[in-house]
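Coordinate-derived values only; no laboratory data. Bear in mind the structure is a predicted one, so any value in this text is a computation, not a measurement. In this analysis, Cβ positions are derived from the backbone assuming ideal geometry, glycine residues included, and neighbour counts consider all displayed protein chains.
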């Protein structure tokens, strides 16, 4: 296994894998530079709901970004060692779009905005 240079706040597990706050890091899909950028901007904190605060750049919708990539998707891959299925977005169970706690990240599905779809049988007021 090729060892990548990761930030100082990561630890090595007894098996030799780098870890971050107890999570084994999957370093296969992203460069060491991208992983370092991700980990250096995450602030695990003692919040009521356990959210990990993002202290980095965001897109115009306020979602965390790392080098023009979704930080939530990158965190899902790095922490949970799983590539999201094509077409399934990474969702936040805590409803906090800037949270990157792996326990709060799940795969979701896009749903149509049912309240914006016009009912063809509904009469106008």
May I ask you to order 35-41, 92-98 by the average number of other C-beta atoms within 10 Å around their residues, highest value first? 35-41, 92-98
What does the extension gain come out to for residue 68 and residue 83, with contour length at 0.36 nm per residue minus their alpha carbon separation? 3.6 nm
Rotationally averaged projected area of the range 20-88 (alpha carbon convex hull; nm²): 5.3
Relative contact order, percent, of the range 11-109 when contacts are C-alpha pairs under 8 Å separated by at least 6 residues? 24
I want to make sure I understand the PRE zone here: with the label point 7 angstrom from the Cα of residue 96 toward its beta carbon, which residues in the range 35-55 have backbone N atoms less than 20 Å away? 38-55
Using a 10 Å cut-off on Cβ atoms, rank the peptides 25-34, 55-64, 73-82 from the highest mean neighbour count down. 73-82, 25-34, 55-64
